[in-house]
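Asker: Before we start, here is the structure in question, set down as structure tokens.
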Amino acid sequence: MKGPLCEECVKSGILCDGCAEKQRNGEIGELDIQLARLLQKLEQRDLVRGASFERIFDINGLLVITTKGKVGPLVGKGGRVIRLLSKEFNRKVRVVSTLDDKTALRDLVAPARIQGINIVYKPGGEETKAIISREDKYKLITNLETLQKAANTIMDKAVVLEVK
Ligand SMILES: [Zn+2]
């Protein structure tokens, strides 16, 4: 398992100087530590293999796990790993690849589909607008505001989700 903490810290439960500094800087939080330990446990039981994550965010109660690697190991066969994580945290869990904006948005709103992504130029700066088809609205796992906030957080830019 690869995560934002080093392996030693996940194993020992005590943060080394490097990881402690990351925590002070807000690069890792309590949830990241919890997730890293949980994934390590699941790996030991052979329930997860080759998972890597960047961060886990709590967005209005929705847990969003981001990875630059493959989402597969964190999702599991038929969503088995997501269900395990969801049960442990007692929240809905979404796994998102941050490979690029399009992939991140697609993972975030799936199984609803993104119809198009536009960059809108505004006086205050750029805004990324993603259009979700109206017929897919009922497929969203939570409300649009939460998903939009999640998109803003994980992509670290202004994102607007619109149902059209
Ligand atoms: Zn460490």
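Readers should treat all values here as calculations from the given coordinates under stated rules, not as data from a laboratory. Worth saying up front: this structure is predicted, and the values here are computed from it rather than measured. Cβ placement follows ideal geometry from the backbone for every residue including glycine, while neighbour counts extend to all protein chains displayed.
Asker: Can you name the helices (runs of 4 or more DSSP H) wholly within segment 1-48 that have at least 2 residues being more than 9 Å from the ligand (Cβ to nearest atom) and not hydroxyl-bearing (Ser, Thr, Tyr)?
Answerer: Those helices (runs of 4 or more DSSP H) span 17-24, 30-44.
Asker: If I go through segment 109-142 residue by residue, how many of them are more than 22 Å from residue 157 (Cα to Cα), in a loop (DSSP other than H, G, I, E, B) and more than 21 Å from the chain's Cα centre (by Cα)?
Answerer: So the count comes out to 1.
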